[in-house]
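Inspection log for the structure reproduced underneath, given as C-alpha cells.
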Amino acid sequence: MFNVSPALSGGVTGQATEWTQLLNNGELITMVGKSTEQINNQITQISQLAEQIQNQIRIYENMLQNTMQLPNHIWGQVESDLNRLRDIAAQGQGIAFSMSNADDVLKQRFQSFADFKTGLANGESFSSSYQNWSTTNRDTIAGTLKAAGLTADQFTSEESTMSSLRSMSESADGQMKALQVGHEIAAQQVAQFQKLRGLVSQQTTMMGTWFQSEQADKDLAQARREKFFNAGTPNVRGGQTMEPRW
C-alpha cells in the first residue's frame with residue numbers, strides 16, 4: 001500500500017544496501033550497532049509524532065461537530081497531518097526492511113549468529129518477524145480504508161493522497177470521514193510502532209549478547225595462543241628452561 005523510499009525512511013533502507021557490500025566483518029558489526037541505536041531513536045520520534053497527529057485530529061473532529069464545514073485554512077492543516085501519517089507508515093516499512101536485512105546479512109556472514117537463539121516464540125527469526133509486522137501494518141491500514149469506502153490506491157503516494165483529501169473536503173460528511181479514518185490510522189500507528197520498538201529492542205539485546213559471546217571466544221583463543229607462545233622452551237632433558245632468578 002505505502003511505497004517505501006529512502007526519502008521517507010530516513011536513509012535507513014540505504015544503509016541496508018550498504019550492509020551487504022561491506023567486506024570487513026568488524027565494520028559490518030560496528031555499522032549495524034550504530035544504525036540500531038539510531039533506529040531506536042527514530043522509532044521514538046515517529047511514535048511521538050503519531051500521537052501528536054492523533055490528538056490534533058481529535059481537535060479537528062470537535063471543531064467539525066460545531067460547524068457546518070471546516071474552513072479551507074484549517075482543512076489545509078488536516079491534509080498536511082493526514083499526509084504525514086502516510087509518511088509515518090512508509091518509515092515503519094523502511095525500518096522493518098532495514099532490520100530484517102541486518103538479520104539476514106549477519107546470518108550469512110557469521111554461522112555463530114545464525115545458530116544463536118533469538119528468544120522469539122515458535123523459533124521465528126527476526127527477519128520473518130519484521131516481514132510479519134510489515135504485512136500486518138499494511139493490512140490493518142488497508143482494512144481501515146476499506147471500511148470507510150476508500151481504496152489503498154488512493155493513498156499510495158502524496159499526489160493521490162492529496163487528491164483524495166481534496167475531494168473529501170467538498171462536504172462536511174467527507175471531511176468527517178477523512179478525520180475518522182485519519183484518527184483510526186494514527187491510533188494504529190501508535191500501537192504498531194510500540195510493537196516495532198519492542199522487536200528492535202529485543203533484536204538489539206540479542207545481537208549484543210551474541211557479540212559479547214563472540215568477543216569472549218576471541219579473548220579466550222588469544223589467551224591460549226599467548227600462553228602457548230610464552231611457555232618456556234623445553235631443555236635437552238625434556239624439561240622446561242628455568243627463568244633466571246635475580
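Within the set of other residues whose C-beta is less than 12 Å from the C-beta of Asp103, count the net charge using Lys and Arg as +1 and Asp and Glu as -1.
0
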- [ ] Heavy atoms only, probe 1.4 Å: what % of the accessible area of segment 121-211 goes to carbon and sulfur, would you let me know?
- [x] 49 percent
Open item on the list: How large is the accessible surface of Phe211 in square angstrom, using a 1.4 angstrom probe and rounding to the nearest 10?
Closed with: 80 Å²
- [ ] Order these peptides, 75-83, 36-44, by their mean beta-carbon neighbour count within 10 angstrom, highest first.
- [x] 75-83, 36-44
Open item on the list: Given a 1.4 Å probe and heavy atoms of the protein chains only, how would you sort Glu158, Glu61, largest accessible area at the top?
Closed with: Glu158, Glu61
TODO: Give me the net charge of Met168's neighbourhood, meaning all other residues with Cβ under 12 Å from the Cβ of Met168; Lys, Arg count +1, Asp, Glu -1.
DONE: -1
TODO: Treat each spin label as a single point 7 Å out from the Cα along the C-beta direction, and report the Thr136 to Gln202 distance in nm.
DONE: 0.9 nm
Open item on the list: Given axes a ≥ b ≥ c from the Cα gyration tensor, I'd like to know whether segment 90-182 is rounded (a/c under 1.5), prolate (a/b larger than b/c) or oblate.
Closed with: prolate
Task: Protection proxy ranking, peptides 98-109, 194-205, 162-173, average beta carbon neighbours within 10 Å, highest first - done: 98-109, 194-205, 162-173
- [ ] Apply the Karplus parameterisation 6.51 cos²θ - 1.76 cosθ + 1.60, with θ equal to phi minus 60°, to every residue of segment 128-141 and state each ³J(HN,Hα) to the nearest whole Hz, in sequence, with x for glycine and proline.
- [x] 5, 5, 5, 5, 5, 4, 4, 4, 4, 5, 4, 5, 5, 5
- [ ] Might you report the magnitude of the Cβ-based charge dipole of segment 122-173 about its Cα centre, with Lys and Arg at +1 and Asp and Glu at -1, to the nearest 20 debye?
- [x] 100 debye
Open item on the list: Tell me which of Val105, Ala89, Gln154 sits at the most positive position along the dipole axis of segment 38-162, charges placed on C-beta atoms (Lys, Arg +1; Asp, Glu -1).
Closed with: Val105
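The values are calculated or read from the model by the stated rules, or taken from the named source; none is laboratory data. All values derive from a computational prediction rather than experimental measurement. Cβ coordinates were reconstructed from backbone atoms using ideal geometry, including for glycine residues, and neighbour counts include every protein chain displayed. Surface accessibility is based on the protein's heavy atoms, side chains included, excluding ligands, DNA and RNA. Shrake-Rupley method; radii C 1.70, N 1.55, O 1.52, S 1.80 Å.
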